[in-house]
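The values are calculated or read from the model by the stated rules, or taken from the named source; none is laboratory data. Computed from a predicted structure; not experimentally measured. Every residue, glycine as well, gets a Cβ built from its backbone with ideal geometry; the counts of neighbours run over all protein chains shown. All accessible areas refer to the heavy atoms of the entire protein, side chains included, with ligands and DNA or RNA removed. Shrake-Rupley method; radii C 1.70, N 1.55, O 1.52, S 1.80 Å.
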Amino acid sequence: MLEMRRENLLNAGIALLLLAVPLVAWAIDETYYITVASRVAILALAGVGLNLALGFGGMVSFGHAAFFGLGGYAAGVLSHHAFEGSAFMSWPVMIDGSDSTLTLWFAALLLSGVVAAIIGAISLRTTGVYFIMITLAFAQMIYYLAISLPTYNGEDGLPLYLRSNLPGLDLSNDLTFFFVCYALLLLAIFLSVRIVGSRFGAALECARQNENRLSAIGIAPYPVKLTAFVLSAMITGLAGALFVELNGFVSPSILSWHLSGEIMIFVILGGVGRFYGPIVGAALFIVLETVIGGYTERWQLFLGVILLGVVLFARGGVIGLLAGKARHD
Amino acid sequence: MSAAFIFEQLLNSLQLGVMLFVMAAGLTLVFGVMGLINLAHGSLYMVGAFFCAWVAGETGSFWIGLGAGLVAAAAAGAIIEMLVMRRLYDRDHLDQVLATFSLILIFNEGTRWVFGAQPLYLDIPDALATSVPLPGGGGYPLYRLMIIGFGVLTAVGLYLLISRTRLGMQIRAGESDREMIGALGVDINTLYTLVFAIGAMLAGLAGALVGALQSVEVGMGEPVLILAFVVIVIGGIGSIKGALIGAILVGLVDTLGRAFLHQLFALALPPAEANGYGAALASMSIYLLMAIVLAWRPKGLFPVNA
């Protein structure tokens, strides 16, 4: 019980810290750090998505960049068409571009969810290393598709000139944009908590530990895992849509397998299966990138060494280190 | 479309196939014996290519360079096995993925540090820089034929090593029960280092040979690594026979897809669109192949039973 309370306190601290950074930056007029905080919130959101599959469902997906990228492309392509005043497709149904934020989010959720249902339906037939590799391979397939299709500039990507319109809020204001990302992040964490605490979450936890036992009590593991996989992909897809809006740019690099690895790193650094872990992981990653990157352009070398050290010697991630072991497995 | 063109494309797919086999054999060997999934295998491929190009450039001899590439890759493999991999054998796949992903970052930046950001170029040795006439007209580069030869030699060599030698016997025993061969007095640590170094050397061989066909640059191992993963997933992870069949299949589907798909599309579409869609589908074709194989046999074509 003591450890539970310590983790709750820690979580509250993490959430408040992430909120405080852009406020301080705004107060002292260092607007660059507002953007950095938005990046952390968005990447953490992608991590929260992966955590649902990886941490709570035990599905080690090495292809979540696919969903991040698809979400990004869904939002990017629609707002590109809206800017050009052209239609996304005219047959069999007429779909115009859109500059409404809610439409873009909906498109991102829909596309990443549908594709995740297809990828998951095939991939979940496999387990273990096969699952890791098949998710990686599917993500590569989508990456190469984005590179070789000339319609949206292939490898060069698409610039987006305007942020979308959310009723009542001005997203072109960086601080407002951060608050929106932050609110979605907390909403996603809240949803994760509710999902994991529900009957469905209990079944998912059981599927992670022992599928045979789950079958024995009359619940088929496959649909449970597939549902969790799709939900996980949708959260990550939404993060992709926000990321594209933050950068004003969409290109196949957000589909690359390096990004899949990085999203995984956010989850592991923070602590697998910890609700607030991805925030810590993403924040640490960005801080390391910024701090070491300020000293040397070889920052990836040092990042690699630090990551290696964490994996080899600090199991359980940062939250595990600070709040103690919470799970009994 | 002439018969010579088709024949040439078949040889190209064979060349890609055997290269993928050399790459995938090391990967699947390490997984089979140690249960380790090694993302840094592509980095060893890069190390082989860089040392080959560097030494060949200094000495003027491709063959000395090739030797240096093999030694460097094997040495790099042995070092990372002793420093890092050894600690990962008992961990779950997630830790293995992350640790070896970190190694990729380290290798990429380290190589850029040592050799600079500019790509190196490796020339095909003069004696091999000619073409062999093909039946039906046209010619095929001798160097590419030599790569096919190297690949076949590797396959035969691995087969003999594993089925006929004492080391091979230990490897096979290690695949089925590691504790038991330890109990029987085999020094497991040395065996593991040796197996890992062999796998690394194979990756270095593939890198050095392919290095002469393309530029030698940082990150060159990553696309090949992912192809090698597709190969061993199709073949059945841990199975060397599966790696061979998978590699040939992937080589065929990828090369023929790139050569002929856009022509197939051109029958129904205007040329520009046919090229675009053809290229897009060709780049996806091997992943589709993998999805079909796995949907049909979730543990690959030649599953290794634990």
With the charge dipole of region B:155-204 built from beta-carbon charges (+1 for Lys and Arg, -1 for Asp and Glu) about the Cα centre, the Cα from B:Gly185, B:Ala173, B:Ile162 projecting farthest to the positive end belongs to B:Ile162
In Å², nearest 10: area of A:Thr127 left accessible to a 1.4 Å probe: 80 Å²
What accessible surface, in Å², does a 1.4 Å probe find on A:Trp257, ignoring ligands, DNA and RNA and rounding to the nearest 10? 20 Å²
With only Lys, Arg, Asp and Glu charged, each at its Cβ (+1 for the first two, -1 for the last two), find how big the charge dipole of the protein assembly as shown is about the Cα centre; round to the nearest 20 debye. 1840 debye
How shielded is A:254-260 by partner chains, expressed as the average number of their Cβ atoms within 10 Å of its Cβ atoms? 2
Each label sits 7 Å from Cα toward the beta-carbon; between B:Ser2 and A:Asn210 the label points are separated, in nm, by 6.8 nm
Of the options A:Ser86, A:Ser253, A:Leu124, report the single residue whose Cα projects farthest towards the positive end of the charge dipole of chain A (beta-carbon charges: Lys, Arg +1; Asp, Glu -1). A:Leu124
Gyration tensor verdict on region A:9-109 (Cα atoms; rounded if a/c is under 1.5, prolate if a/b is larger than b/c, oblate otherwise): oblate
Ordering B:Met284, A:Met234 by how much accessible area each has at a 1.4 Å probe, largest first, what is the list? A:Met234, B:Met284
Ratio of the Cα radius of gyration of region B:182-306 to 2.2 N^0.38 Å, where N counts its residues: 1.36
Taking 1 over the mean of 1/r across every pair of different Cα atoms in region B:1-98, what Kirkwood radius in Å do you get? 15.6 Å
Among A:Ala139, A:Ala183, A:Ala12, whose mean-square fluctuation peaks in a Gaussian network model of chain A (Cα, cutoff 10 Å)? A:Ala12
At 7 Å along the Cα-to-beta-carbon direction for both B:Ile64 and B:Val152, put a label point, then send me their distance in nm to one decimal. 3.1 nm
Rg and Dmax of region B:3-218, using alpha carbons, in Å: what are they? 18.6, 61
Of A:Phe68, A:Phe83, A:Phe131, the one that fluctuates the most in a GNM where chain A has Cα springs shorter than 10 Å: A:Phe83
Dipole magnitude (debye, nearest 20) for region B:3-218, charges at Cβ of Lys, Arg, Asp, Glu: 280 debye
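Hey, what number do you get for chain B at 222 nm if only DSSP H runs of n ≥ 4 count, each worth -39500 (n - 2.57), divided across all residues, to the nearest 500?
-26000 deg cm²/dmol
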Quick one: accessible surface of B:Trp113, probe radius 1.4 Å, all protein chains present, in square angstrom to the nearest 10. 140 Å²
Please give the length that would be gained between A:Tyr32 and A:Leu102 if that part of the chain were fully extended, namely 0.36 nm times their separation in residues minus their C-alpha to C-alpha distance (nm, one decimal). 22.6 nm
quick note, the protein assembly as shown, DSSP beta bridge pairs, % antiparallel (nearest 5) is 90 percent
Arrange the residues A:Asp96, B:Asp90, A:Asp156, A:Asp174 by how much accessible surface each exposes, largest first, with a 1.4 angstrom probe. B:Asp90, A:Asp156, A:Asp96, A:Asp174
Using only the alpha carbons of the protein assembly as shown, what is the convex hull's orientation-averaged projected area in square nanometres? 31.6 nm²
Work out which residues of region B:78-108 lose at minimum 40 square angstrom of accessible surface when the other protein chains are put back, relative to the chain isolated, with a 1.4 angstrom probe, and list them by number. B:Arg87, B:Arg91, B:His93, B:Leu94, B:Val97, B:Leu98, B:Phe101, B:Ser102, B:Leu105, B:Ile106
Histogram of C-alpha separations across region A:26-256, 5 Å bin width, %: 1, 7, 14, 18, 18, 15, 12, 8, 5, 2, 1, 0, 0
Taking Cα centroids, how far is region B:98-114 from region A:45-99 in Å? 30 Å
Log10 I(q)/I(0) at q = 0.15, 0.17, 0.20 Å⁻¹ for region B:76-194, from Debye over equal alpha-carbon scatterers, is -1.00, -1.06, -1.13
Arrange the peptides B:224-231, B:40-47, A:288-295, B:6-13 so that the one whose residues have, on average, the most other Cβ atoms within 10 Å appears first. B:40-47, B:224-231, B:6-13, A:288-295
Summing +1 for each Lys or Arg and -1 for each Asp or Glu, what net charge is found among the other residues whose Cβ lies under 12 Å from the Cβ of B:Thr190? -1
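Can you put B:Arg144, A:Arg213, B:Arg91 in order of accessible area, largest first, using a 1.4 Å probe?
A:Arg213, B:Arg144, B:Arg91
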